[in-house]
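Here the structure comes first, spelled out in structure tokens, and everything after it is commentary.
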Amino acid sequence: MDLDCKRVIENLSLHSNPDLSHEERAEFKIHLVQCQSCQKEYEEMLHTAAVLESLPALDPPPDLLGRTQERITREHRRHGLAFFANPFAGILRLLKLDPPPNFVNCTAVLFYLMLTVFLAKLTFFDTTEPTPVSTPNRSLHPDAQIVGVPLGSIKATVQRIGTEEESKEGSTKLE
Amino acid sequence: MIPDEVYVQKTIEGDVESFNELVQRHHTRIYGLAYRMLSNPEDAADATQEAFLEAYKSIKSFQFQSKFSTWLYRVAINTCQQYIRKSDSRARTLSAYTRSVEENDAQYDSDCPDRILVKSESDRMVQEAISQLPPKQRIVVSLFYMQHLKYHEIAEVLDCPEGTVASRLNTAIKTLKSKLQNPHHL
Ligand SMILES: [Zn+2]
């Protein structure tokens, strides 16, 4: 291979080589027309390019589009979630539910509100409730009726029972 | 057809379905690019998803000064380069590619199995030769020969002069030529 061929082959290009001057380009063209071995080299480059162009277009996996769109939608919803609603979204995802972010946000707010009320009640109010006075007696006879009795009459009855007991005790002592 | 940029604007305004329309339009070519860069169908599919997700997250950085596809290619190339850096795809390349070619061929009509076998074998060799190019050359080869972008478009995607694109292509062609002539060097 003579020096000219070596230079031409080094600079052979399918894609315009910006490093070459117009004169060099013209010179190489003339050489290429006359020299068979350089022509062969050039044709092989053309063939390589043709091989690349003939590679088949690749079909993506059929589920790629759906999976990608689903992931984008999920990202969109995740973005719409308030930070405090994230645990809820996680639980809903586990349950295979995917409500809109606003719904999850509202549910979270509601939950936290109820939790606050519950905790406040637990902290500031006594939860041991006194036994209500008016609780009806469960063993009450079905025919029995609860009636209002004046307080004075109850006191009188209690006093009467008291004196009766005392007199009984007195009589047993005497015996 | 409604231009991509209209969908981009709607996406920025919060309409996720507009972005999914863009995914529909561009996923095949982004997958093609990722495949040629990563030489592995699984990685290519993952990288495609990642690229769209990244594009969605950073959609507000799209300046409307270039075409959306140019910008998307740039995002996808970055994603693929991260994959090349971190993944062990080279080791998985050959077996995965062979498998996918065989799967693809099984779908074609089986009238002339010999021709298909020869073609897929040569495709496999070409893809393997491409996968051995330095990443920068792999990108220009893929964008020029498979995605059919013009010099100035590739230059815009890669943010480099057109001369650089041409010289990378020339170097890549010469390397591929010698690799394909001496397949045992693959
Ligand atoms: Zn010559």
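Bear in mind that the values in this text are calculations on the coordinates, not laboratory data. Since the structure is predicted, the reported quantities are computational estimates derived from the model, not experimental observations. Because the Cβ atoms are built from the backbone with ideal geometry, glycine has one as well, and the counts that use them run over all protein chains shown.
Among A:Glu75, B:Glu153, A:Glu53, sorting on how many other beta-carbon atoms sit within 10 Å of each Cβ, with the fewest leading, yields A:Glu53, A:Glu75, B:Glu153. Remark: the B:Ser61-B:Asn78 segment gains 4.6 nm on full extension, using 0.36 nm per residue and subtracting the alpha carbon distance. Rounded to the nearest 20 debye, the dipole magnitude of segment A:3-53 is 80 debye, with +1 charges on Lys and Arg beta carbons, -1 on Asp and Glu beta carbons, and the Cα centre as origin.
Remark: the Cα gyration tensor places segment B:127-186 in the prolate category, a/c being 1.5 or greater and a/b exceeding b/c. For the cross-link pairs B:Lys10/B:Lys60; B:Lys10/B:Lys57; A:Lys29/B:Lys177; B:Lys150/B:Lys177, the ones whose C-alpha atoms lie over 18 Å apart are A:Lys29/B:Lys177; B:Lys150/B:Lys177. The length gained by stretching the chain between A:Arg78 and A:Leu46 to full extension, at 0.36 nm per residue less their Cα-Cα distance, is 6.4 nm. Listed from fewest to most Cβ neighbours within 10 Å, the set A:Asp63, A:Asp143, B:Asp123, B:Asp43 follows the order A:Asp143, A:Asp63, B:Asp123, B:Asp43.
Remark: spin-label model distance A:Ser37-A:Asn86 equals 6.9 nm, labels positioned 7 Å along the Cα→Cβ axis. Listed from fewest to most Cβ neighbours within 10 Å, the set B:Arg85, B:Arg29 follows the order B:Arg85, B:Arg29.
Placing R0 at 25 angstrom, the Cβ-Cβ distance between B:Asp15 and B:Asp159 gives a FRET efficiency of 0.25 after rounding to 0.05. Take the Cα of A:Ser153, step 7 Å toward its Cβ, do the same at A:Phe118, and the gap between the two points is 4.9 nm.
From most to least packed by mean Cβ count within 10 Å, the peptides A:112-119, B:30-37, B:154-161 give B:30-37, B:154-161, A:112-119. The residues neighbouring B:Tyr73, those whose beta-carbon lies less than 12 Å from its own, together hold a net charge of 0 under the Lys/Arg +1, Asp/Glu -1 convention.
What shape does segment A:3-53 take by its C-alpha gyration tensor, where a ≥ b ≥ c are the square roots of the eigenvalues and a/c under 1.5 counts as rounded, a/b above b/c as prolate, and the rest as oblate? It comes out oblate by the Cα gyration axes.
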